[in-house]
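Quick notes on the structure that follows.
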Amino acid sequence: MSTVEEPLYPIALLIDELKNDDIQLGLNSIRRLSTIARALGEERTRKELIPFLSENNDDDDEVLLAMAEELGVFIPYVGGVEHARVLLAPLETLCTVEETCVRDKAVKSLCRIGSQMKENDLVDWFVPLVKRLAAGEWFTARVSACGLFHIAYPSAPEMLKTELRSIYSQLCQDDMPMVRRSAASNLGKFAATVENAHLKAEIMQIFNNLTQDDQDSVRLLAVEGFAALGKLLEPQDCVAHIIPVIVNFSQDKSWCVRYMVANQLYELCEAVGPQSTRTDLVPAYVRLLRDNEAEVRIAAAGKVTKFSQILSPELATHHILPCVKELSSDSSQHVRSALASVIMGMAPVLGKDKRIQARGTNINYLLWDRTDRRSFHSVVDATIEQLLPIYLSLLKDEFPDVRLNVISKLDQVNQVVGIDLLSQSLLPAIVELAEDRHWRVRLAIIEYIPLLASQLGVGFFDDKLGTLCMQWLQDKVYSIRDAAANNLMRLAEEFGRDWAMEHIIPQVLEMANSPHYLYRMTILCSISILAPVMGSEITCSKLLPVVVNASKDRVANIKFNVAKVLQSLVPIVDKSVSIPIANILDHLFQLVRVVEKTIHPCLVELSEDSDVDVRYFANQGLQSINHATMSS
């Protein structure tokens, strides 16, 4: 929406642009409707601009879409909610056009306006609009009407409510599948506004009719509404009306319908309670996990942790884990990938045993009775004995995405299983991913290295992965080298400055003499990134001499990167920690000597280089030093 400071374009010119054949001119004018409205004033906007827009409905779809969006926030320009009804006419027209995105935007704007209108105006103006659209000869009007009932219904008197429920029921049985699809997708919002007495009698009958529709796409959208309806009903009503439908849907002839059930089944568990979940929903979910269609198994596998969280650990162990084991060796790599992205979350779910409760209440394990101990050990044994082989199998999967998904959630399993049991299989998987021929796979594993470092510990990391991190600095792909440099900084933060000084800095400095200029440039980048973590003392004594030495490189790209790195090091050498007050003056003199005797002369020399880019960045560095000196 335009601001008040925007220039007020001539009104006639803007209206001419609306009528112009040039689409871009018309689009610009529509986007400045608020400018026109402010210039005209509220009364002329109601009497002139809005009627003009109501008649101007033959424009390009892009223009109509912009118009539908602008009108949704137009209430302040027509005089407030008292006159909001004048905006209904142009939006009603837009609700009948063929382009779906225009209709959807018009419906959204009508809902926004309707939610602000006074109750009397809703009854006098909004409800008749909904009825006209619902009775429209062309299906587009009826499709749009379905999305407006939840706004019109709450304010309507009892007789009108009965009529609106009847109209909605007719739309759910419309001859056009597009109308029935719209009615099915909006049923949940409409049902949320209907009284409980009519919910079970009429809305559930509408829902049952939609679930038996001969069009797959209608049944598919009906599935989306079952979770919302289930939350509106009492548990016993939900069991009686929703559960039988869902059980049938889980065996529907259309895989798309089964796919939607697999995606949303876990949401219904809380509404129906533990008994029905155990007797009805768990068998349905198991069927979906073993479905013939890979797409359904993908959806079901992706929700296995969320579904298990609702169940008791024992129930998940006995019913869900066997299916998970089968999916870990599924013929579809996408199923295995979907499983790998969530299966690590099952370890803490199955680990939510009495040990966790005991920690929260300071109950000693030794005080548990024999039954409690047996339950505790059965859960932990299930986690280790059944989940661990699945993790190891996925870590050895031939599809890199599967291995990456397991590694990315490693912290979740470490909470229960412990990293020691995984480490022997983890290392080969990491090494293989680190050397994968696809650079995006190598990039992904680099991003998980800090997570692995925090879970594996410094000892294991030094022995097994330290060399790997340094090898990435000499990868053929720039993105890998750049990510490797950032990875070193994150490792230094994780393990500390002393560790980095012993394991990272010497190897980085050794690579500074690489014969390949791209690798030498990567080392400069690494120094620039590591310097803030290492601090001024190490930067001055170890890193800065390498940068200064690189200024004599024969490659211009190296030299102007030296200038950029030197500029970035100036504020770092000005920082130090825990300096005794008596030594502050000496320290300041030392810093001045570092800048004046090392950094400044190097930049002066580079500023006289034959290469224009080297001179440019060197002068930038000199200006930075001068500015810092003046500020201090």
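Values computed for the structure shown
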quantity: Hits in region 225-236 - residues which are open to solvent by 30 Å² or more (accessible area, probe 1.4 Å) and farther than 25 Å from I298 by Cα; calculated: K231, L232, E234, P235, Q236
quantity: Out of I384, I310, I390, sole residue that is of a type in the set (V, I, T), closer than 27 Å to L426 by Cβ, at pLDDT 55 or above and buried (at least 18 other Cβ atoms within 10 Å of the Cβ); calculated: I390
quantity: Which listed residue is hydroxyl-bearing (S, T, Y), at pLDDT below 90 and surrounded by fewer than 16 Cβ atoms within 10 Å (Cβ to Cβ), from S610, S578; calculated: S578
quantity: Any pair with Cβ under 8 angstrom, 6 or more apart, that starts in region 89-101 at a residue that is in contact (Cβ under 8 Å) with a residue 40 or more places away in the chain and under 16 Å from A145 (Cβ atoms) and ends at one that is acidic (D, E) and open to solvent by 60 Å² or more (accessible area, probe 1.4 Å); calculated: V97/D61
quantity: Residue check, V257 touching a residue at least 24 places away in the same chain (Cβ under 8 Å), of a type outside the set (K, R), out of contact with any Phe, Trp or Tyr (no Cβ under 9 Å at 6 or more places or on another chain) and in a helix (DSSP H, G or I); calculated: no
quantity: Region 502-526, subset of a type outside the set (F, W, Y) and open to solvent by 60 Å² or more (accessible area, probe 1.4 Å), residue farthest from L473 (Cα to Cα); calculated: E502
quantity: Scope region 267-293; condition modelled with pLDDT of 85 or more and among the acidic types (D, E); matching residues; calculated: D291, E293
quantity: Any hit, region 184-194, residues being surrounded by fewer than 17 Cβ atoms within 10 Å (Cβ to Cβ), over 33 Å from the mean Cα position of the chain (by Cα) and either acidic (D, E) or part of a loop (DSSP other than H, G, I, E, B) (or both); calculated: no
quantity: Tally of residues being part of a helix (DSSP H, G or I) and open to solvent by 30 Å² or more (accessible area, probe 1.4 Å) across region 66-116; calculated: 17
quantity: Options L210, L281: the member that is under 30 Å from V406 (Cα atoms) and crowded, with 19+ Cβ neighbours inside 10 Å; calculated: L281
quantity: Whichever residue in region 137-166 is of a type in the set (F, W, Y) and more than 13 Å from A183 (Cβ to Cβ) and, among such residues, is surrounded by the most Cβ atoms within 10 Å (Cβ to Cβ); calculated: Y153
quantity: Pairs, first on the phi > 0 side of the Ramachandran plot in region 430-454, second of a type in the set (G, A, S), C-beta under 7 Å, six or more apart; calculated: none
quantity: For E494: the one exception among (1) buried (at least 16 other Cβ atoms within 10 Å of the Cβ); (2) part of a loop (DSSP other than H, G, I, E, B); (3) among the charged types (D, E, K, R); calculated: (2)
quantity: Candidate set: region 124-154, residues that are in a loop (DSSP other than H, G, I, E, B) and in contact (Cβ under 8 Å) with a residue 40 or more places away in the chain; chosen: the one farthest from L91 (Cα to Cα); calculated: Y153
quantity: Criterion violated by V257 - all others in (1) within 21 Å of D213 (Cβ to Cβ); (2) aliphatic (A, V, I, L, M); (3) open to solvent by 20 Å² or more (accessible area, probe 1.4 Å) satisfied; calculated: (3)
quantity: Qualifying positions in region 447-463 - aromatic (F, W, Y) and more than 18 Å from I480 (Cα to Cα); calculated: F460, F461
quantity: Residue match in region 201-213 (condition: within 27 Å of the chain's Cα centre (by Cα) and within 29 Å of S115 (Cα to Cα)); calculated: no
quantity: Failed criterion for E43 (all others in (1) open to solvent by 40 Å² or more (accessible area, probe 1.4 Å); (2) under 39 Å from the mean Cα position of the chain (by Cα) hold); calculated: (2)
quantity: Residue satisfying condition, being at pLDDT below 90 and touching a Leu at 6+ places or on another chain (Cβ under 7 Å), within set V127, V107, V97; calculated: V97
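Conditions (1) open to solvent by 10 Å² or more (accessible area, probe 1.4 Å); (2) at positive phi; (3) under 31 Å from the mean Cα position of the chain (by Cα), marked per residue:
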residue: A240; (1), (2), (3): yes, no, no
residue: V245; (1), (2), (3): yes, no, no
residue: T277; (1), (2), (3): no, no, yes
residue: V286; (1), (2), (3): yes, no, yes
residue: A301; (1), (2), (3): no, no, yes
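The values are calculated or read from the model by the stated rules, or taken from the named source; none is laboratory data. What you see is a predicted model; the values in this text were computed from it and never measured. When we count neighbours, we look across all protein chains shown, and the Cβ atoms used for this are built from the backbone with ideal geometry, even at glycine. Note: areas computed on protein heavy atoms with side chains; ligands, DNA, RNA excluded. Shrake-Rupley method; radii C 1.70, N 1.55, O 1.52, S 1.80 Å.
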